[in-house]
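Inspection log for the structure reproduced underneath, given as structure tokens.
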Amino acid sequence: RRPVFVGLAGVFERGKGGYINKSGNFIIRPEFDYAAPFANGLAAVRIGKEWGFVDKAGKMAIGAQFDDAGSFTEGLARVRVRSKHCYIDSDGKFLIAPQFEEASYFAEGLAWARQADKYGYIDKTGQFAIPARYDGVDVFTGKLARVSIGGKQVYIDKAGRNVWPPSH
């Protein structure tokens, strides 16, 4: 499932991002270099080259300190520190240490992550629930995810078993 964005809408005015309500009134004045949609009460914003998170009152809930940031899903947000991706909670506490070359948001309790140029799926402890052996991956939708391995596209379940096409 993709992140659910509700509440305020991010808009840009004179090159700066802010947030408006459903009536079109600014709730948070445009002051950010980038303003991502709100998810779970927080929105990733970029100030200069650093990313942090703002709450719906416009207060910096998690200070700008990351090289990149994604939206909160399932209680975690993916952020990048130097060249490694990791996950934080809504207090800004690192729950999964910086260790992945690339990573996605959580869906169905799993997020894809790339390590040693292969993709797999991690759980919320940062452990690979499905080993990093794929050439390409998508996030889980429902109980399945599309992956690429050896030049073929297959669908796997949350246990990493090929579901379609069936393996022989």
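The values are calculated or read from the model by the stated rules, or taken from the named source; none is laboratory data. Since this is a predicted model, take the numbers as computed values, not measurements. Please note: Cβ atoms are built from the backbone with ideal geometry, for glycine as well, and neighbour counts cover all protein chains shown. SASA here: full protein model, heavy atoms, side chains in, ligands and nucleic acids out. Shrake-Rupley method; radii C 1.70, N 1.55, O 1.52, S 1.80 Å.
Some points to look at:
- Candidates in segment 142-161 are the residues that are assigned to a strand (DSSP E or B) and touching an Asp or Glu at 6+ places or on another chain (Cβ under 8 Å); of these, the one that is surrounded by the fewest Cβ atoms within 10 Å (Cβ to Cβ) is 148.
- Residue 64 vs. criteria in contact (Cβ under 8 Å) with a residue 12 or more places away in the chain and in contact with a Gly (Cβ under 8 Å, 6 or more places away or on another chain): yes
- Filter pass, residue 133 being open to solvent by 60 Å² or more (accessible area, probe 1.4 Å), within 24 Å of residue 157 (Cα to Cα) and either part of a strand (DSSP E or B) or of a type in the set (Asp, Glu) (or both): yes
- Selection over segment 77-107 of residues that are outside any loop (DSSP other than H, G, I, E, B), open to solvent by 10 Å² or more (accessible area, probe 1.4 Å) and more than 19 Å from residue 137 (Cα to Cα) gives a count of 6.
- Residue pairs meeting the criteria (Cβ under 7 Å; at least 6 apart or on separate chains; first in contact (Cβ under 8 Å) with a residue 40 or more places away in the chain, in segment 26-40; second crowded, with 16+ Cβ neighbours inside 10 Å and assigned to a strand (DSSP E or B)): 40/72
- Hits in segment 52-69 - residues which are open to solvent by less than 30 Å² (accessible area, probe 1.4 Å) and either out of contact with any strand residue (DSSP E or B) (no Cβ under 8 Å at 6 or more places or on another chain) or more than 16 Å from residue 9 (Cα to Cα) (or both): 52, 62, 66, 69
- Condition check for residue 18: crowded, with 20+ Cβ neighbours inside 10 Å, free of Cβ contacts under 8 Å to residues at least 24 places away in the same chain and either within 21 Å of the chain's Cα centre (by Cα) or in a strand (DSSP E or B) (or both): yes
- Residue in segment 113-128 that is aliphatic (A, V, I, L, M), more than 30 Å from residue 20 (Cβ to Cβ) and open to solvent by 40 Å² or more (accessible area, probe 1.4 Å) present: yes
- So residue 24, is it in a loop (DSSP other than H, G, I, E, B) and surrounded by fewer than 20 Cβ atoms within 10 Å (Cβ to Cβ): yes
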